[in-house]
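Chemist: Below is a structure I'd like to ask you about.
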Amino acid sequence: MKHLLKMMDLTGEDIREILDLADRLKSDQKKGVEHKVLAGKTLGLIFEKASTRTRVSFEVGMYQLGGLPIFLSSNDLQIGRGEPVQDTARVLSRYLDGIMIRTFKQSEAEALARNGSIPVINGLTDLSHPCQVLADLMTIREYKGPLEGLKLCFIGDGNNMMNSLIVGGLKSKMEVSVACPAAYQPNAAVLDFAAVHPAFSMTQDPFEAAKGADVLITDVWASMGEEAEAEKRRKDFKGYQINKEVLSQAKPDAIVLHCLPAHRGEEITADVFEEHSKEFFDEAENRLHAQKAVLVKLLGKQ
């Protein structure tokens with residue numbers, strides 16, 4: 001494991017090792033045990049998309065591990081004024097021990113990794129959101145125990161979250177069902193990966209997808225950069241909502257997750273959100289612990 005660019009790059013064993021380490025780091029933090037294993041290390045945080053959880057969790061996580069996080073807005077970098085990404089990668093590799101990038105194009109994160117000489121972490125792209133999905137899987141284990149054999153259901157857009165949950169869930173030996181409109185299916189390469197797994201199913205019927213699920217997950221209908229499509233998407237995604245009726249198709253003790261921010265009344269109803277709010281905020285907290293595990297595995301070996 002040299003970089004974390006997308007869930008497809010991880011093996012099932014990689015995922016288990018990251019989650020086990022995240023569990024230990026979280027437990028130790030609660031006990032007041034510190035692990036300054038990245039003392040003297042620096043992590044550059046490149047943001048081309050706005051962030052609450054990604055920025056704060058990476059900055060706090062790097063600090064707790066003894067390292068230094070450096071916030072790098074694309075507005076402040078020469079990359080925002082046309083410097084080729086390959087040049088930025090080679091320069092930053094001379095200064096930093098690692099880079100986290102939150103951007104639009106997956107190709108930009110891949111180019112950073114390809115042209116630099118330090119680990120690159122995908123903090124979100126339009127294709128993939130591996131850090132969030134590692135936190136999701138960590139949360140599911142906390143509530144449900146071993147992942148193997150559990151049913152994960154995602155309802156909504158075939159976006160970076162659906163892409164990453166399909167791959168992460170199947171690599172963790174879960175059953176994965178997704179429901180999305182025909183025009184909003186996940187990435188073709190993800191579907192090719194999933195096609196060989198009998199534990200995967202895709203439908204346009206949220207009720208069918210939710211049947212027997214141990215965990216239901218959703219995300220906003222219009223992600224960052226898609227605001228101009230918001231009204232069209234509200235019409236296209238009508239019915240693709242986690243509500244009491246859909247939830248009734250899942251197991252009685254099913255949990256509900258959402259990567260946040262949530263639009264109550266769109267992809268999830270206000271009553272379901274509040275009923276499962278502890279799960280959402282445990283999930284949000286676990287961004288910190290899962291990412292600390294990733295940082296230790298990538299930067300701690302150097």
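None of the figures in this text is laboratory data; all of them are computed from the coordinates on show. This one's a predicted model, so the numbers in the text were calculated from it and none came from an experiment. Positions of Cβ are generated from backbone atoms using ideal geometry, with glycine treated the same way; all protein chains shown enter the neighbour counts.
Chemist: Using the scaling law 2.2 N^0.38 Å as the reference, what is the normalised Cα Rg of the range 21-87? List each step's numbers first, then the result.
Modeler: Working: Rg = 14.9 Å, N = 67, 2.2 N^0.38 = 10.9 Å.
For the range 21-87, the normalised Cα radius of gyration comes out at 1.37.
Chemist: Based on the Kirkwood radius over alpha-carbon pairs, what is the Stokes-Einstein translational diffusion coefficient of the chain at 4 °C with 1.567 mPa s viscosity, in µm²/s?
Modeler: Numbers: Rh = 19.5 Å.
Roughly 66 µm²/s, to the nearest whole number.
Chemist: Ok, one more. In nanometres, what is the gap between the two model label sites at residue 260 and residue 56, each 7 Å from Cα along Cα-to-Cβ?
Modeler: Those two pseudo-labels are separated by 0.7 nm.
Chemist: When we measure straight from the Cα of residue 232, which aspartates and glutamates land under 15 angstrom away, once same-chain ones fewer than 8 places off are left out?
Modeler: 157, 266, 267
Chemist: Say R0 is 22 Å: what FRET efficiency, to the nearest 0.05, do residue 238 and residue 274 get from their beta-carbon distance?
Modeler: Numbers: r = 22 Å, r/R0 = 1.01.
Calculated value: 0.50.
Chemist: Please give the length that would be gained between residue 281 and residue 24 if that part of the chain were fully extended, namely 0.36 nm times their separation in residues minus their C-alpha to C-alpha distance (nm, one decimal).
Modeler: Details: separation 257, 0.36 × 257 = 92.52 nm, distance 1.92 nm.
That pair, residue 281 and residue 24, stretches by 90.6 nm at full extension.
Chemist: How high is the relative contact order of the chain, given as a whole-number percent (alpha carbon pairs under 8 Å, six or more residues apart)? Before the final figure, lay out each step's value.
Modeler: On the way: 575 pairs, mean separation 61.9, N = 302.
It rounds to 20 percent for the chain.
Chemist: List the residues, sorted by chain then number, that are 5 or more residues from residue 269 or on another chain and whose placed amide H is less than 5 Å from its amide H.
Modeler: 242
Chemist: Further, regarding this structure: Tell me which aspartates and glutamates have Cα within less than 20 Å of residue 31's Cα, excluding those fewer than 8 residues away on the same chain?
Modeler: Partners found: 20, 23, 142, 282, 283, 285.
Chemist: While we're on this one: Using only alpha carbon positions, build the gyration tensor of the range 131-283, then give the equivalent ellipsoid semi-axes as the square roots of 5 times its eigenvalues, largest first, whole angstrom. Don't skip to the end; give the middle numbers.
Modeler: Values: eigenvalues 86, 69, 41 Å².
Here the semi-axes work out to 21, 19, 14 Å.
Chemist: Shifting gears a bit: Where does the longest stretch of the chain lie that holds no GluC sites (Glu not before Pro) found in a DSSP loop with 11 or fewer other Cβ atoms within 10 Å? All intermediate terms of the calculation are to be shown ahead of the outcome.
Modeler: Values: sites that count: 34, 148.
That gives 149-302 as the longest site-free run.
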